[in-house]
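Before any comments, here is the structure.
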Amino acid sequence: MSLRLYDTGTRTVRDFVPRVAGKVGVYLCGLTLQGPPHIGHLRSGVNYDVLTTWLRRSGLDVTLVRNLTDIDDKVLAKSVERQRPWWAISYANERILAASYDALGVDPPTYEPRATGHIPEMLELIAELIDKGHAYAADNGDVYFSVSSYPEYGALSHRDPADMLSSADGDDTDKRDPRDFALWKAAKPGEPADSSWNTPYGRGRPGWHLECSAMSRRYLGDAFDIHGGGTDIMFPHHENEIAQSRAAGLGFANYWVHNNMLNFSGTKMSKSLGNTMSVDALGRRGFRPAEIRYYLLAPHYRSAFDYSDQALGEAAAGYHRLENFIDRCADASASASSGVMCADFVNAMDDDLGTPAALAAIHEVAREGNAAADAGNARSAADAAASVRAMLDILHLDPLGPQWIKRESEDLTPVVDSLVKLVLQQRQDARKRKDYATADAIRDRLTDSGLSIEDTAEGSRWSLNRSEPSHAG
């Protein structure tokens with residue numbers, strides 16, 4: 001295949017060659033579930049959704065693993081702060097995350113493992129590292145990875161280990177080296193009793209870095225193709241993942257693909273800054289999920305960009321122009337599956353998932369299609385519309401795709417309800433006047449429109465008629 005990806009590990013754009021012909025294993029670091037997600041969190045999921053779709057379009061069998069960190073220092077802190085079980089907080093945010101991904105048209109991963117479901121695999125990996133001399137158990141019950149035992153430490157982030165310190169892991173005085181990081185954390189006073197497990201090292205819970213090494217191994221094997229996540233967790237998280245996995249003798253990831261950050265006024269968008277923006281919150285301000293997805297794909301995945309209402313509005317306008325073109329040719333155009341993707345689009349996607357250039361190519365085809373329609377060339381306009389739909393389908397942005405048709409239908413329910421109630425009131429008024437012919441005519445028109453009307457003591461009710469329509473023949 002001709003796909004090229006920027007590999008953070010080598011700092012080069014490399015031809016993508018699967019380890020096993022016809023198959024691709026992908027691991028994407030998911031979210032820590034201490035709070036609900038905002039669109040900055042969802043950016044990696046949208047970008048990787050496009051990557052896996054493009055890989056599958058090339059005929060490859062893709063296994064995508066996107067984990068959930070359901071136990072962590074931050075989750076436990078929220079538990080204490082809110083006086084709620086940590087697992088209840090994680091699950092509530094997991095449900096919001098799933099709904100947000102679904103709203104943005106992101107396909108579910110092949111597997112979405114929770115950290116707490118893989119404690120045995122984590123303990124097994126710890127034991128291997130201790131046996132190989134790469135880890136040690138401290139007297140307080142913590143288990144640490146020995147950074148000095150792994151000479152390649154720092155290769156991914158291009159940092160000198162001599163200049164690095166690990167993030168705080170509690171009582172750091174038990175470390176042999178300040179750079180060492182926790183594989184396992186001993187239970188601490190004040191933490192929930194159900195947030196730790198019995199182990200040979202005492203009661204405790206996993207360190208964040210260990211979780212991903214154990215889960216990727218469980219679902220993708222000792223070696224796999226692509227590991228991804230945000231640039232903000234390249235160090236220390238991904239650096240530590242590599243160290244512990246390679247030290248255990250695992251091949252681990254062949255390619256590292258990192259997406260950059262969505263910022264707010266030049267500052268990383270985060271919950272602590274109070275500038276988070278959820279899909280629902282933006283929806284209440286009039287932005288549709290498809291427009292938000294378009295906005296997240298408009299910049300290159302490796303580009304950092306600042307959020308602004310103006311930029312999101314411009315993205316919404318750009319998407320609306322494509323919708324208008326497809327609506328214009330909807331009756332004449334063929335399905336998206338019959339459309340031919342233009343060379344500029346294919347080349348852009350193969351060139352490190354160049355979505356800005358890919359969207360530009362789509363707009364150019366739409367412009368040509370509108371010109372053809374203006375000239376009365378219905379066939380050329382229809383072909384252009386099918387091509388636009390085929391390319392948008394790769395980006396999961398086809399306005400006539402099932403995801404968006406279903407959502408638009410759901411969004412119109414309150415409007416339809418209001419209109420039908422108005423018509424039913426007119427029917428009721430006709431019955432009060434004993435104008436039964438008009439009342440019956442209104443009922444018949446509603447029935448012909450696919451609605452079922454039920455007259456009750458509380459008034460008339462309506463519902464969609466789910467029965468198969470009859471056909472004259």
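Taken together, the values in this text are just the output of simple stated rules run on the coordinates, not laboratory data. The structure presented is a predicted model; accordingly, all values stated were derived computationally and were not measured. We place every Cβ from the backbone using ideal geometry, glycine too, and count neighbours over all the protein chains shown.
The table below gives the values:
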| read-out | value |
| --- | --- |
| Difference of contour (0.36 nm per residue) and Cα-Cα distance, D194 to D448 | 85.6 nm |
| Region 55-70-region 25-42 distance, computed between alpha-carbon centres (Å) | 15 |
| At R0 = 30 Å, FRET efficiency that the Cβ-Cβ distance of S380 and R57 yields, to 0.05 | 0.75 |
| Most to least packed among 362-369, 294-301, 260-267 [average Cβ atoms within 10 Å] | 294-301, 362-369, 260-267 |
| Residue order, fewest to most surrounding Cβ atoms within 10 angstrom, among D448, D73 | D448, D73 |
| Order of K268, K432 under a 10 Å beta carbon neighbour criterion, fewest first | K432, K268 |
| Across K132/K185; K132/K268; K23/K74, pairs whose alpha-carbon gap is larger than 31 Å | K132/K268; K23/K74 |
| Distance (nanometres) between label positions extended 7 Å along Cα→Cβ at A357 and E81 | 4.3 |
| Likely footprinting exposure, I442, I39, fewest C-beta neighbours within 10 Å first | I442, I39 |
